[in-house]
Structures are given as C-alpha cells and as structure tokens.
Amino acid sequence: MTRIDPAWLIEPATRAVMEALNAQGGDDCARFVGGCVRDALMGREALDVDVATRLRPDQVVEAVEAAGLKAVPTGIDHGTVTAVSRGRPFEITTLRRDVATDGRRAVVAFTDDWAQDAARRDFHLNALYADASGQVFDPTGRGLDDALAGRIVFVGDPHRRIVEDHLRILRFFRFFAWFGRGDPDAAGLAACAASAEGVDRLSAERVSTEMLKLLAAPDPTVALRAMAEAGVLQRVLGCTGDLGRLGRVVHRSVDPLVRLSALWPDEPGFVAAAARRLRLPRTAWARLEAAAIPLALEGDADRAARRLIYEVGLETACDRALKSGDRTASEAVLAMAASWTPPRMPVGGRDVARLGVPPGPQTGLVLKSFEADWIAADFPAEGVAERLAVAISRARGSEP
C-alpha cells in the first residue's frame with residue numbers, strides 16, 4: 001500500500017473540502033487526483049490540489065455550501081466546481097467518461113467508476129488518486145511505476161488519446177521536460193509525429209501556454225530536441241529553432257521568454273510576427289522583438305555596456321547578453337547590469353529655456369545634442385553647464 005503525506009493533505013482548508021464531500025456522499029466519494037498526487041510521490045510541491053468525486057455537480061455545490069464554503073461553477077457543463085476554502089481554490093470534478101471528441105473539445109458523461117475516469121486521462125502518472133488519508137490508488141496499474149521512473153506514457157492507445165485532444169501532443173513534451181528521465185516513450189513520440197499537424201488546429205493561446213510552461217522546465221533541451229525530430233517544434237515556432245543556442249542559454253536563465261528568444265533567429269520582423277501569431281501579450285512580443293538584435297559592443301567593453309543599458313533598457317540589454325555567443329561582451333553587460341544604475345539625463349527643457357532658447361523644436365534639438373555628447377563621454381556628472389552651452393550653440397548653428 002502506497003501513501004503520500006504532503007503538507008497540503010492535512011491543512012484545514014483541504015480537510016474542510018474533503019469532509020464536506022464525504023458528508024454528502026459517504027466515505028471515499030472523493031479523492032485527490034492528478035498532479036497533486038503525482039507531485040507528492042515525486043517529492044515536489046504541488047501548485048494546485050484537485051479533487052475527483054462520484055458526486056454530481058449539483059451535489060458538489062450543495063455539499064460545499066452546506067459546509068459554509070464558497071462554490072463557483074467554473075466548468076459546470078464538464079462537471080467542474082471550484083470550492084473556495086479559507087481563501088484557497090480546490091477544483092472538484094465529477095468522474096467522467098468521454099462520449100465524443102473532436103480533437104479540441106469533449107462531450108462527456110458522468111460516471112461513478114474510478115477506472116473509467118482514469119481511462120480518459122492523458123498519461124499514467126496523471127491518472128493517480130489518493131483518499132483523504134493519503135492512500136494512493138492506481139486504476140491503470142502503471143501510474144505509480146511511471147511516476148517513480150520518470151516515464152511519460154499515454155493511457156491506452158496514444159493515437160486515440162491525441163485524436164481526442166491534440167493539445168496532448170504538446171503536453172507529452174511538456175511533461176517529459178518536467179518529469180521525464182531517459183528517452184521519451186517511443187510509442188508516444190511516434191504518435192505525436194504522426195499527428196503533428198493537429199497542433200495547427202489548436203488555438204494560439206493554448207499552444208503558447210504549453211510552450212512557455214515547457215520552456216520553464218529546469219532543462220527543456222531534450223524535450224525540445226524530441227519535438228523537433230517529431231516535426232512539432234517547427235509548427236509551434238514557425239522555424240526549426242536554434243537548439244544549439246538554447247543549450248548555451250538554458251543554464252544562464254530560467255526565464256521562458258529568454259529561452260524562446262534563443263530559439264528564434266535574430267530577425268526582429270520575423271520574431272514580432274511569430275510572437276503575435278502565438279497571441280503572446282503585447283509586452284512579451286515587444287520584448288522578444290527588442291531582444292532579436294545581436295549583442296555588439298565597440299571599444300571599451302564597460303563603456304559600451306553602459307551605453308547599451310542606457311539606450312535600450314536593462315531588460316533588453318540582459319536579454320541580448322544572455323543569448324550572445326560572445327562571452328566577453330555578454331559578461332561585460334551582465335556584470336554592468338548588476339552593478340550600475342543608469343543615471344537620469346541631468347538637464348531638461350527648463351534648463352534650456354533658462355538659457356534663452358524659446359520652447360519649440362529647437363529645444364528638442366538641444367536636448368538631443370546634449371544627450372548624444374553626454375553618452376559619448378560616458379555619462380559624466382561634471383561639466384554639465386559647459387556641455388549644454390555647446391549643445392545650444394550647435395543647435396543655433398544648424399538653424400536655416
């Protein structure tokens with residue numbers, strides 16, 4: 001008999017939910033399911049605690065509210081109710097079996113059979129259940145072994161699982177990146193390759209969410225290499241992906257956007273279009289576009305690093321440095337970013353006006369001239385008045 005004993009199992013919020021459900025449906029009408037059980041077995045901290053139950057959705061709502069907890073019908077048509085206990089959400093889903101699928105959505109029927117519920121899940125290690133005492137149940141007979149061995153294996157026929165939901169192609173690689181050991185399961189990999197075009201039918205938001213989760217894994221390179229061999233990575237990225245550069249970046253940054261940037265070529269136009277195609281937030285694709293310019297420092301490395309940080313911003317400078325194959329330039333930028341705070345330009349429009357320059361286009365010319373000279377001189381704090389006078393003289397000399 002296998003048991004789990006994570007901290008969340010005995011927390012008052014968790015116990016309140018399980019007691020509410022069991023009070024309604026009797027002992028063992030509810031079990032923890034999926035990722036929280038898997039993570040506990042693998043010694044990882046669970047991000048979410050999900051529950052499966054024999055109770056129908058209306059019974060779940062009744063049970064939760066009777067216990068003084070909040071019930072939110074987050075996915076009532078598919079049997080999901082979210083219980084809020086002591087401020088913490090618990091997703092509670094009635095046991096289900098698939099009636100029909102179209103590769104994106106499933107029509108389900110409720111059941112009280114744990115084995116039927118397990119049979120519709122994606123991978124064995126995600127088809128694990130545990131009762132309120134922590135006793136683990138493994139309806140497929142392979143979940144425990146796969147979780148402990150780091151095997152990502154589809155429940156049943158992998159081709160059928162993928163036809164039911166093409167997102168499982170990406171989930172196969174994402175779970176391998178996070179939990180897999182050794183080589184990917186051959187049958188699963190072959191099924192993903194055979195159905196790779198199914199990725200094109202998914203919404204961009206679903207694809208980008210899975211991709212960023214995959215890239216956040218400690219070292220996603222093996223999973224990404226398998227994705228490329230299966231013809232899946234190209235469909236996601238719009239290009240083959242620079243896995244060599246990713247290998248340099250992956251141990252320098254855990255930021256999934258930096259890692260994504262490393263996979264894409266240093267072509268701002270391509271990157272911006274690809275990021276928009278994935279429906280990434282505007283802030284994300286703008287950052288990726290800005291990072292898609294090779295790092296180049298001219299002259300003294302420290303001075304050039306300061307100039308770059310001032311002109312493009314700390315985040316963009318670091319993104320370019322983390323991707324760069326020029327180790328000397330990269331280290332100069334990253335070291336400067338950690339030790340130097342870009343100064344504010346020491347003059348503004350009021351300073352120019354006090355020296356007799358009327359408001360208007362000429363003020364902009366003066367400030368632009370001053371800033372260029374100030375940057376070239378490496379941001380000196382001295383001689384500001386003299387440099388401003390030179391800038392004014394230069395601007396007046398450029399008048400028609």
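Things worth noting here:
- Looking across segment 278-301, the residues that are open to solvent by 70 Å² or more (accessible area, probe 1.4 Å) and either farther than 14 Å from Pro265 by Cα or in contact with a Leu (Cβ under 9 Å, 6 or more places away or on another chain) (or both) come down to Arg279, Pro281, Arg282, Thr283, Ala296, Glu298, Gly299, Asp300.
- Extreme residue, most open to solvent (accessible area, probe 1.4 Å), among residues of segment 84-99 that are over 15 Å from Val33 (Cα atoms) and in contact with a helix residue (DSSP H, G or I) (Cβ under 8 Å, 6 or more places away or on another chain): Arg86
- The listed residues are Asp165, Asp157, Asp131, and the only one of them that is open to solvent by 10 Å² or more (accessible area, probe 1.4 Å) and under 23 Å from the mean Cα position of the chain (by Cα) turns out to be Asp165.
- Residue within segment 4-23 that is surrounded by fewer than 18 Cβ atoms within 10 Å (Cβ to Cβ), in contact with a Lys or Arg (Cβ under 7 Å, 6 or more places away or on another chain) and within 14 Å of Ala132 (Cβ to Cβ) present: yes
- Pairs linking a residue in segment 316-327 that is closer than 13 Å to His251 by Cα and in contact (Cβ under 8 Å) with a residue 12 or more places away in the chain to a residue that is of a type in the set (Gly, Ala, Ser) and in a loop (DSSP other than H, G, I, E, B), with Cβ atoms under 7 Å and 6 or more positions apart or on different chains, are Leu322/Ser253.
- Considered as a group, the residues in segment 49-78 that are surrounded by fewer than 15 Cβ atoms within 10 Å (Cβ to Cβ) and of a type in the set (Gly, Ala, Ser) include one that is nearest to Thr111 (Cα to Cα), and that residue is Gly75.
- Residue identified as in a helix (DSSP H, G or I), on the phi < 0 side of the Ramachandran plot and out of contact with any Phe, Trp or Tyr (no Cβ under 8 Å at 6 or more places or on another chain) among Ala296, Ala274, Ala286: Ala286
- The single residue among Ile169, Ile152 that is part of a loop (DSSP other than H, G, I, E, B) and touching a residue at least 12 places away in the same chain (Cβ under 8 Å) turns out to be Ile152.
- Flag for Arg394 being open to solvent by 30 Å² or more (accessible area, probe 1.4 Å) and at pLDDT below 90: yes
- Every condition in (1) within 23 Å of Leu280 (Cα to Cα); (2) buried (at least 16 other Cβ atoms within 10 Å of the Cβ); (3) touching a helix residue (DSSP H, G or I) at 6+ places or on another chain (Cβ under 8 Å); (4) free of Cβ contacts under 8 Å to residues at least 40 places away in the same chain holds for Ser195 except the one numbered (1).
The values are calculated or read from the model by the stated rules, or taken from the named source; none is laboratory data. It should be emphasised that the depicted structure is a prediction, and the values quoted were computed from it without experimental measurement. With ideal geometry, Cβ positions are generated from the backbone for all residues, glycine too; neighbour counts draw on all protein chains shown. Accessible surface is based on the protein model in full, side chains and every heavy atom, while ligands, DNA and RNA are left aside. Shrake-Rupley method; radii C 1.70, N 1.55, O 1.52, S 1.80 Å.
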